[in-house]
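Dropping a structure here in structure tokens format, bear with me for questions.
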Amino acid sequence: MTIDGKTSIAALTMKELKKISLTSFLITIILVLSSATVHAFEVTATITLENPGGYYGIAYDSGKSEIFITNVDFDLVSVISDSTNAVVSNIPVGSQPVGIAYDSAKGELFVANYASDSVSVISDSTNTVVANITVGSQPFAVAYDSGKGEIFVTNYNSSSVSVISDSTNTVVANITVGSQPCALAYDSGRGEIFVGHAACNQVLVISDSTNAVVANVTVGNQPVSLAYDSGKGEIFVANYNSSSVSIISDSTNLIVATVNVGANPIGLAYDSGNGQIFVANYNSRSVSVISDSSNTVIANVTVENQPQGIGYDSGKGEIFVTYSESNRVSVISASSLPLPSPSIPEYPSFIVVSFLMVTIVLTAIIYRGKHQIETKLKRKKKSVA
């Protein structure tokens, strides 16, 4: 814009401010993008097991960096090395092994044999059964209580929970609970055991100091799997016939959220590295990922048909998924990646905020300056006229 053939100094300043503002705005966008993170979930490996189908329970052995998987159809426990994703052993156990839990203090795996009314104890140093313990009728789920050095086992047909001492491999207590107990989770923060009941849509809370039921929480339809979130102090409950996950606060024993997932959620695994819950949806061919910070589904990973067993490998940050009718195991990467690319550095939030404030201030100056310049030009035009 010119007056008497000369460029307006005020107008030039406004143009420069526009350029500065645009540059600042673009820098702010880049910084925001570079400081953000997204989670990339995908199946990164597939492991083929020897026998077809029937794989259910999964336990991660942190001492050996191995995955133990029960096979209900062939009465076996398969052992996978997480460094090679290869099967290193197949261990015969009792009839129809379902649940399995790792005892980190003893370096042993406890396996619930549904049709044998027993629990097999596997030494991870020899991959052999070192003991067989008689429990109630149709043992199903297993959980390790690190605070007491005990193993809790649900007896589906006995409406009870057996408590095994890992130092003697004997039953030290039997706790009467509701009908068809089929899920367990140990809450290390509270020293409590949570028990899911398929028949009565409830989760019972047992104190491990007294072996008494201290609370009863009504959840969704047919709770078949539980997982303890140590970061939030919460219990996640897979409601098979509600296609939802109930979230219980262990401080109040109240439901704090209900999250809709895929069809018939049957397995849960807590990813302590990322604060996420992975849900195997039996009739959706998917694994839902729930963020425990927002209690929302942030991803759905497509897997094979009828996923049922799921476990978290804390050493590798990976999720292992088994299937009802397949002899394959899917490995899901649960890593976090920067966006848009690792080449763009991350900046502290105060820098991002500072650039954003600069952008806002310069924008305000531009619009104010534009108004002042237009007013001056009108006055000059009148004086020239």
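In nm, to one decimal, how far is the modelled label at Val130 from the one at Thr218, with both set 7 Å along Cα→Cβ?
4.6
Under the rule of at least 5 residues apart or a separate chain, name every residue whose amide H is placed under 5 Å from the amide H of Ala299.
The list, which skips near neighbours in sequence, is Val289.
For segment 38-338, what relative contact order do you get, as a whole percent, if you take Cα pairs closer than 8 Å and at least 6 residues apart?
Details: 963 pairs, mean separation 44.6, N = 301.
Relative CO of segment 38-338 lands at 15 percent.
What per residue convex hull volume, in Å³, comes out for segment 250-327 when only alpha-carbon positions are used?
Looking at segment 250-327, the number lands at 99 Å³ per residue.
Quote the Stokes-Einstein diffusion coefficient, in whole µm² s⁻¹, for segment 38-338, based on the Kirkwood radius over alpha carbon pairs, a temperature of 10 °C and a viscosity of 1.306 mPa s.
On the way: Rh = 18.6 Å.
Here the translational diffusion coefficient equals 85 µm²/s.
Show me, for segment 288-298, the HN-Hα J-couplings you get by feeding each phi into the Karplus relation (A = 6.51, B = -1.76, C = 1.60, θ = phi - 60°), rounded to Hz, glycine and proline as x.
Karplus-based 3J(HN,Hα) across segment 288-298 equals 8, 10, 10, 7, 7, 7, 10, 6, 10, 6, 9 Hz.
In terms of Cα to Cα distance under 17 Å, which aspartates and glutamates are near enough to Lys148, apart from those fewer than 8 places away along the same chain?
Of all the aspartates and glutamates, those that pass the test against Lys148 - Cα under 17 Å, at least 8 places apart if same chain - are Asp103, Glu108, Asp166, Asp187, Glu192, Asp208.
Would you kindly state how much longer the chain becomes between Ala105 and Asn241 on full extension, computed as 0.36 nm times their sequence separation minus their alpha carbon distance, in nm to one decimal?
Fully extending the segment from Ala105 to Asn241 adds 45.3 nm.
Please give, to one decimal in nm, the separation of the simple spin-label points placed at Ala86 and Thr176, each 7 Å out from Cα toward the Cβ.
A separation of 5.4 nm, rounded to one decimal place.
To the nearest 0.05, how large is the calculated FRET efficiency for Val43 and Ile298 if R₀ is 25 Å and r is the Cβ-Cβ distance? Show your work: numbers first, answer last.
On the way: r = 17 Å, r/R0 = 0.68.
Efficiency computed from Cβ-Cβ geometry: 0.90.
Subtracting the Cα-Cα distance from 0.36 nm times the residue separation, let me have the gained length for Ser188 to Ser207 in nm, one decimal.
Difference between extended and current length: 5.7 nm.
Something else now. What shape does segment 79-135 take by its C-alpha gyration tensor, where a ≥ b ≥ c are the square roots of the eigenvalues and a/c under 1.5 counts as rounded, a/b above b/c as prolate, and the rest as oblate? Present the calculation step by step, with values, prior to reporting the outcome.
On the way: a/c = 2.16, a/b = 1.58, b/c = 1.36.
Note, shape of segment 79-135 comes out prolate.
How would you rank 57-66, 79-88, highest first, on the average number of other Cβ atoms within 10 Å across their residues?
Answer by packing, highest mean first, reads 57-66, 79-88.
Bear in mind that the values in this text are calculations on the coordinates, not laboratory data. Predicted model, so just to flag it, every value in this text is computed and none were measured. Note: ideal-geometry Cβ built from the backbone for every residue, glycine included; neighbour counts use all protein chains shown.
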